[in-house]
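To start, the structure itself, in structure tokens.
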Amino acid sequence: MWTGSISNESAPIGVFDSGYGGLTILKSIRAQLPDYDYLYLGDNARAPYGTRSFDVIYRFTLDGVRELFARGCRLVILACNTASAKALRTIQQRDLAGLDPSRRVLGVIRPTVEALSQSRTGNVGVLGTPGTIASRSYEMEIEKLHPGFKTTTVACPLWVPLVENNETTGDGAKFFVDKYIGRLFEAAPDVDTIVLGCTHYPLLLPLIEEAVGGRARILTQGEIVARSLADYLSRHPEIDSRCSRGGSATYLTTENPEKFVGLARIFLDEDVTVNHIDIN
């Protein structure tokens, strides 16, 4: 719960997600920047965010940012496409000044869209949850950073349940991966770059690669966000110097800790210790 206290000591980099997919972002960030400390907060009890209104997503995300600020984080990564799409800009423009203007909140959509410069033809595809696709956040950001690009989006509503039920192989998973990849190429046969616009989707990557069959480059967010964060810290020493370095990762959840541990094992391929907190 937000207390209004602000620490001036070095502290972990905060990573916030509405669910579990942000663990794939954290895993990539730790691989790229292993010396830093990280504090992961999953608002799992109130997930999924994608079906909720803009105002509710904004309020829930702000709750998470405040909690991580209260625990000292100078920098918070919204490792969630829905939160990045529907809350990031408002928090950056309206709330940071009142909370602490020296702190920063970053998202996953902009660095992902920046990576689309790899496209040779400007024909790109975005695969995401229904909420992310309906927000048109990727299309608007692509239009801003890559004017003239043609963007085709496809919602993949069954991919997250497949991942969270650890059904990432086998005929059932293959059927639904083939189904949505097929929809993308039917709508846009000339797509040469595909964004996996949900942090769950890398766990389906072998099946996605098989379905794509080399027809397009596939961009996963974890590595992109990790490289972007490394670049950001190198350009902002005033933030970098306040991030503690002990190589640790601490996990918090608003859900049942046992459930979090079980699902975290799927995303991280390791066992973690997690503490339950209330932030609403």
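The values are calculated or read from the model by the stated rules, or taken from the named source; none is laboratory data. Just so we're clear, the structure is a prediction, and the values are computed from it rather than from any experiment. Using ideal geometry, Cβ is built from the backbone for each residue, glycine included, and neighbour counts are taken over all protein chains shown. To get the accessible areas, we keep the full protein, side chains included, count just its heavy atoms, and leave off ligands, DNA and RNA. Shrake-Rupley method; radii C 1.70, N 1.55, O 1.52, S 1.80 Å.
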Roll a 1.4 angstrom probe over the protein heavy atoms and tell me the percent of accessible area of the stretch 165-258 that is carbon or sulfur.
47 percent
Eligible aspartates and glutamates near K27 by straight Cα distance, threshold 19 Å, same-chain separation 8 or greater:
D17, D35, D37, D43, E164, E223, D231, D269, E270, D271
Rounded if a/c under 1.5, otherwise prolate or oblate - the stretch 155-268, Cα gyration tensor axes:
oblate
What Kirkwood hydrodynamic radius, in Å, does the chain give when the mean of 1/r is taken over all pairs of distinct Cα atoms and then inverted?
19.0 Å
In the stretch 205-263, the chymotrypsin sites (Phe, Trp or Tyr not before Pro) that fall in loop regions by DSSP, at most 16 other Cβ within 10 Å
none
Accessible area of the stretch 1-108 with a 1.4 Å probe: how many percent of it is carbon plus sulfur?
47 percent
About the Cα centre, and with charges only on the beta carbon of Lys, Arg (+1) and Asp, Glu (-1), how big is the dipole of the stretch 171-280? Nearest 20 debye, please.
180 debye
Label model pair K150, D231: point-to-point distance (7 angstrom along the Cα→beta-carbon line) in nm is 2.7 nm
I'd like the accessible area for K174, computed on protein heavy atoms only with a 1.4 Å probe and all protein chains in place. Round to 10 Å², please.
70 Å²
Counting heavy atoms of the protein chains only and a 1.4 Å probe, report the per residue accessible area for the stretch 228-280 as a whole number of Å².
52 Å²
Degrees, to the nearest 10: 170-187 long Cα axis against longest axis of the chain
70 degrees
0 to 90° range, to nearest 10: angle between helix 54-70 axis and the chain longest Cα axis
40 degrees
Between D192 and K259, the two model label points (7 Å from Cα along the beta-carbon direction) sit apart by a distance in nm of 4.5 nm
For helix 257-268, what angle does its Cα long axis make with the longest principal axis of the chain, in degrees from 0 to 90 and rounded to 10?
50 degrees
Calculate the dipole size of the chain relative to its Cα centre from +1 charges on Lys and Arg beta carbons and -1 charges on Asp and Glu beta carbons; express the result in debye to the nearest 20.
660 debye
Accessible area per residue for the stretch 1-103 in Å², computed with a 1.4 Å probe and the full protein assembly in place, what is it?
37 Å²
Using the basic label-point model (7 angstrom from Cα toward the beta carbon), what is the Q118 to D171 distance in nanometres?
3.4 nm
